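Only one structure is covered here, and it is reproduced in the block below.
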Amino acid sequence: MSPLEVLWFFLVFVLIGGYFVLDGFDLGIGVLFPFIAKSEEDQAVLRRAIGPIWDGNEVWLITAGGALFAAFPDAYATTFSGYYLPIMLVLFGLIVRAVSFEFHAGDPAWRKVWDVCFFVGSLLPALLLGVAAGITFEGIPMDAHGNYIGVPLFGLITPFSLLCGLTGLSMMMAAGANWIALKAPKPSALQARCAKLGMPLQIVALVLFVAATACVFLYIHPTMDPALNALRWIFAALVVGGLVVSMFFSKVNDNDLFAFVSHSVASFSMVALGACSMFPNLVVASSDSVGPNITLMSAGASDLTLFCMTVILCIGLPLVLVYHVIIYRTFRGRLTQEDLTEGAY
């Protein structure tokens, strides 16, 4: 394997981790929307809290897909064709969610319909992306050419992949609760509800993470690179520690900012743990597969392609990071009553 192949293997996971952290709380708020919004003002707070930033956060998902396509085309072909139905459900969910944002303010007669679309459009990606990650780690049936030969959608849902999906969903919901606790006016009933809700959601996420980890060692028995054992232990500790610290800051210390940051560290560490556990595999072949695992060596593009991608990354990534710094600084702080009367959200 070449250094560029290793670099891009982990860069793809960095992009996925960035999406999990940044768009995760957006999706989590959408899933929590019908349960925590008790009034029109609560709905306005939830929408305004993510309205200026949600579309920029989704850039990380698009970039991750593009990077996988360019750096490891064989892995892209297998996953995007084999997971066609769930990927289409994720895309439809994201589209419906975006449409609900625009039509909620401009179409008052159908607001309840758009609120349902906002919920469903957030739930589908939040759940199915974790399911897809779980089955990729567990292994899928492939032929000798690396094509997925299982049953669309239902062939991908196994107890372990569903557990991974629920873990990701609970992490996003906890992140959403933490973000609203950070952004909602304080004191307010909505802020208090979200601050209180964050802890049980993180306990659920922690239990599901431990259960998924136990399944990995008791039932799946994956082959892992021993050179990355130390990193795996570090990232596993950061997942558990990040959740525990986040619970402490939200419950005991009443520090909503550090609670959100600690949870974000746990979310990114979870993706990093998955990367270190899969290396060098991009798609694992199940026991009934004819073909072998798809690895970064077998699926990698040419060194020239990877070099050109690296040059583009060095130019484009700083611009994206500068954009995020500007947008988050511009809309930093808690929402005020004046914020709720401005804009279309």
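The values are calculated or read from the model by the stated rules, or taken from the named source; none is laboratory data. Note that the structure is predicted; figures quoted are calculated from it, not measured. Neighbour counts run over all protein chains shown; Cβ positions are idealised from the backbone, glycine included.
Please determine whether any residue of the range 92-102 is exposed (fewer than 15 other Cβ atoms within 10 Å of the Cβ) and modelled with pLDDT under 85. Scanning the range 92-102, I find at least one residue that is exposed (fewer than 15 other Cβ atoms within 10 Å of the Cβ) and modelled with pLDDT under 85, so the answer is yes.
Condition check ((1) surrounded by fewer than 21 Cβ atoms within 10 Å (Cβ to Cβ); (2) touching a residue at least 12 places away in the same chain (Cβ under 8 Å)) across all residues:
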| site | (1), (2) |
| --- | --- |
| Ala230 | yes, no |
| Leu243 | no, yes |
| Ser298 | yes, yes |
| Thr305 | yes, yes |
| Thr310 | yes, yes |
| Leu317 | yes, no |
| His324 | yes, yes |
| Gln337 | yes, yes |
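Pro187 falls short on exactly one of the conditions (1) surrounded by fewer than 24 Cβ atoms within 10 Å (Cβ to Cβ); (2) within 30 Å of Glu41 (Cα to Cα); (3) in contact (Cβ under 8 Å) with a residue 12 or more places away in the chain, and that condition is (3). Listed here are the helices (runs of 4 or more DSSP H) enclosed by the range 176-290 that have at least 3 residues being among the aromatic types (Phe, Trp, Tyr) and within 21 Å of the chain's Cα centre (by Cα): 256-278. Listed by first and then second residue, the pairs linking a residue in the range 81-98 that is in contact (Cβ under 8 Å) with a residue 40 or more places away in the chain and closer than 13 Å to Ala126 by Cα to a residue that is assigned to a helix (DSSP H, G or I) and of a type in the set (Asp, Glu), with Cβ atoms under 9 Å apart and 6 or more places separating them unless they lie on different chains, are Arg97/Asp26. Among the residues making up the range 245-258, those that are over 19 Å from Gly168 (Cβ atoms), in contact (Cβ under 8 Å) with a residue 24 or more places away in the chain and either among the polar types (S, T, N, Q) or surrounded by 15 or more Cβ atoms within 10 Å (Cβ to Cβ) (or both) are Ser250, Asp256. Scanning the range 73-122 for residues that are of a type in the set (S, T, N, Q) and under 28 Å from Ile149 (Cβ atoms) returns Thr78, Thr79, Ser81. Considering only residues that are aromatic (Phe, Trp, Tyr) and closer than 21 Å to Gly333 by Cβ, look in the range 15-63 and name the one that is modelled with the lowest pLDDT. Once the filter is applied, the top-ranked residue is Trp54. Only a single criterion out of (1) free of Cβ contacts under 8 Å to residues at least 12 places away in the same chain; (2) assigned to a helix (DSSP H, G or I); (3) closer than 30 Å to Thr336 by Cβ is not satisfied by Ala105, namely (1).
Table: residues versus (1) buried (at least 17 other Cβ atoms within 10 Å of the Cβ); (2) hydrophobic (A, V, I, L, M, F, W, C).
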| residue | (1), (2) |
| --- | --- |
| Ala77 | yes, yes |
| Tyr83 | yes, no |
| Trp110 | no, yes |
| Asp115 | yes, no |
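The listed residues are Ala67, Ala77, Ala144, and the only one of them that is touching a residue at least 60 places away in the same chain (Cβ under 8 Å), assigned to a loop (DSSP other than H, G, I, E, B) and closer than 25 Å to Ile294 by Cα turns out to be Ala144. For the range 22-64, the tally of residues that are more than 30 Å from Leu313 (Cβ to Cβ) and part of a loop (DSSP other than H, G, I, E, B) stands at 3.
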